[in-house]
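Below is one structure, written out as structure tokens; the observations come after it.
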């Protein structure tokens with residue numbers, strides 16, 4: 001077993017920027033390909049040849065060769081065809097060069113050509129250069145139009161350049177161009193993307209007032225955003241002002257599902273049918289997904305049956321949701337059968353997301369054999385695993401205690417050119433720590449930093465937990481200091497909790513309380529785990545009084561005691577010799593506002609307290625009560641009683 005060195009085998013190599021140079025050397029081979037080298041070439045022949053050539057470099061080579069011959073002089077049409085071809089291939093510099101050549105030769109560029117050029121800027125994420133080109137449009141003999149303005153706005157929207165969108169829109173109005181529905185829809189998306197829903201609603205009113213009626217895209221954009229922000233009620237009120245379409249209903253259904261209002265979502269589906277609007281695959285899949293996430297698998301399949309009855313076929317997202325629902329419910333036996341039936345029956349093409357749902361599900365149940373089988377099937381079907389696939393498999397092996405399996409997947413991931421992310425690195429750190437390979441874990445964190453993948457607080461928490469669990473407190477404290485000083489990663493309450501747990505388990509309770517002072521000084525809020533860890537440590541250190549004071553602080557700080565807190569409190573009372581107070585706590589019916597039921601730990605703690613106070617008879621009565629309530633005594637419970645009775649007989 002070994003861990004491959006180097007964690008980013010696939011480094012992006014930038015292509016050298018080669019300026020587009022028009023070749024002045026006439027290649028006889030290319031000229032001879034023409035039917036008759038001595039005959040003047042017609043425009044339609046050049047256009048046909050350029051359009052038919054699927055290889056852009058070959059098309060460009062042909063374009064250059066005839067430009068340097070005496071047989072043909074390029075026309076605006078041949079320039080446009082070549083520019084479109086280069087634009088489609090993302091060759092920005094070459095496009096710029098040919099545009100400049102057109103300008104020098106006095107050719108005008110068409111509106112459609114400029115739209116094409118702006119689109120390629122969008123594809124490569126150069127919105128600012130698209131705007132620069134737009135403001136030079138008149139140099140190329142082309143006047144601005146609403147269509148071109150719209151494409152510039154859409155390009156800026158792709159990079160969420162909100163301020164620039166506003167500036168270009170203002171210039172558009174200044175130039176006397178009236179926005180159309182496409183313009184307004186881009187503005188609506190920009191406003192909604194930046195959570196300016198109020199502004200989007202005002203813009204809808206402005207559209208109507210200017211005689212530009214909002215369309216389905218307009219309303220869907222605004223209502224979707226409102227639902228994303230939890231404004232489902234307001235979204236429904238807006239939808240009531242016009243005749244909704246299926247996309248608007250889908251947005252509302254999605255909003256209700258996010259609020260876990262499944263009944264409201266079903267009501268909307270019924271309303272759609274009553275209004276003669278057929279729910280589509282998105283409508284059904286959204287609700288099926290929400291039901292599956294809640295473990296309501298029977299209702300999900302019932303909705304699937306209704307979907308099929310209405311002639312609406314499921315898609316791969318529907319299948320992924322149902323598979324996920326089976327895993328949430330804990331039903332794994334028939335998952336593959338469901339998968340195979342739906343893939344075959346509805347001719348679905350599984351994508352990486354669907355495969356990952358299967359892999360992650362089997363990994364979460366520790367069934368690595370089936371997870372690997374799906375992984376192999378995935379590769380056989382030409383669906384490349386992604387970082388989530390590898391991460392799920394590594395995490396599954398790590399949880400099962402198989403470091404060899406996790407390392408094998410790690411190495412396979414690197415071999416296939418998939419660079420690990422912070423989640424995968426953290427999983428490997430956890431796997432190494434579970435096998436006490438702390439040096440390797442430390443080296444991996446150093447590699448992360450060198451590979452420009454900054455270790456997160458979760459990464460350090462995993463490392464510190466592993467060290468604390470192994471009793472390597474000094475090393476854990478060293479890492480605790482390094483994470484902020486060396487890596488610029490401040491600790492969170494989970495980090496402190498891991499250290500507190502390690503200190504408490506080794507009876508270093510004074511150091512633990514010293515650490516709490518640092519927590520308070522840094523303004524980090526204590527969690528319930530912080531209190532419970534200190535409670536446990538205080539009780540083990542023979543400080544039940546301090547433990548009970550902690551409970552008081554916990555309540556004052558607004559933290560509700562949970563089941564662990566209650567059990568620690570009972571143990572503290574018993575260690576103080578106040579077993580009767582612990583017995584009274586067993587009769588409490590609430591805990592932190594929730595109904596509380598004592599468990600086997602609760603009874604065992606109190607039985608121990610009664611035995612320690614020489615109340616054997618009461619301990620036996622409590623044992624009988626425990627059994628009557630259906631709580632099975634543990635080995636620890638019997639050990640307490642047996643030890644007490646043996647002690648009394650000797």
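The values are calculated or read from the model by the stated rules, or taken from the named source; none is laboratory data. Note that this is a predicted model, so its numbers are computed, not measured. Glycine gets a Cβ as well: all are built from the backbone with ideal geometry, and neighbour counts include every protein chain shown.
Flag: residue 302 matches the condition of being assigned to a helix (DSSP H, G or I), over 27 Å from the mean Cα position of the chain (by Cα) and within 19 Å of residue 342 (Cβ to Cβ).
All conditions but one from (1) under 18 Å from residue 170 (Cα atoms); (2) without any contact (Cβ under 8 Å) to a residue 24 or more places away in the chain apply to residue 190; the one that does not is (2).
Rundown of residues vs (1) surrounded by fewer than 20 Cβ atoms within 10 Å (Cβ to Cβ); (2) under 22 Å from the mean Cα position of the chain (by Cα); (3) more than 21 Å from residue 477 (Cβ to Cβ), yes/no style:
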position	(1), (2), (3)
424	no, yes, yes
429	no, yes, no
435	yes, no, yes
438	yes, no, no
442	yes, no, no
450	yes, no, yes
458	yes, yes, no
461	no, yes, no
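Within segment 336-366, if we keep just the residues that are buried (at least 16 other Cβ atoms within 10 Å of the Cβ) and not in a helix (DSSP H, G or I), the residue that is farthest from the chain's Cα centre (by Cα) turns out to be 348. Residue 295 meets the conditions (1) under 26 Å from the mean Cα position of the chain (by Cα); (2) on the phi < 0 side of the Ramachandran plot in every case but one. The failed one is (2).
Being in contact with a helix residue (DSSP H, G or I) (Cβ under 8 Å, 6 or more places away or on another chain) and under 25 Å from residue 389 (Cβ atoms) holds for only one residue in 421, 492, 452, 497, and it is 421.
Restricting 148, 137, 66, 118 to those that are buried (at least 19 other Cβ atoms within 10 Å of the Cβ), without any contact (Cβ under 8 Å) to a residue 40 or more places away in the chain and more than 25 Å from residue 170 (Cβ to Cβ) reduces the list to 66. The condition of being more than 22 Å from the chain's Cα centre (by Cα), surrounded by fewer than 23 Cβ atoms within 10 Å (Cβ to Cβ) and assigned to a loop (DSSP other than H, G, I, E, B) holds for only one of 401, 405, 417, that being 401.
Results for (1) surrounded by fewer than 23 Cβ atoms within 10 Å (Cβ to Cβ); (2) within 28 Å of the chain's Cα centre (by Cα); (3) at pLDDT below 90, shown as yes or no for each residue.
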{"residue": "206", "(1), (2), (3)": "yes, no, yes"}
{"residue": "231", "(1), (2), (3)": "yes, yes, no"}
{"residue": "246", "(1), (2), (3)": "yes, yes, no"}
{"residue": "251", "(1), (2), (3)": "no, yes, no"}
{"residue": "254", "(1), (2), (3)": "yes, yes, no"}
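Residues checked against (1) surrounded by fewer than 19 Cβ atoms within 10 Å (Cβ to Cβ); (2) over 28 Å from residue 610 (Cβ atoms); (3) in contact (Cβ under 8 Å) with a residue 24 or more places away in the chain:
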{"position": "496", "(1), (2), (3)": "no, yes, yes"}
{"position": "504", "(1), (2), (3)": "no, no, yes"}
{"position": "523", "(1), (2), (3)": "yes, yes, no"}
{"position": "529", "(1), (2), (3)": "yes, yes, yes"}
{"position": "533", "(1), (2), (3)": "no, no, yes"}
{"position": "556", "(1), (2), (3)": "yes, yes, no"}
{"position": "573", "(1), (2), (3)": "no, no, yes"}
{"position": "577", "(1), (2), (3)": "yes, no, yes"}
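Where helices (runs of 4 or more DSSP H) fall wholly inside segment 67-142, the ranges with 1 or more residues that are over 21 Å from residue 48 (Cα atoms) and out of contact with any helix residue (DSSP H, G or I) (no Cβ under 6 Å at 6 or more places or on another chain) are 92-104, 111-123, 127-135.
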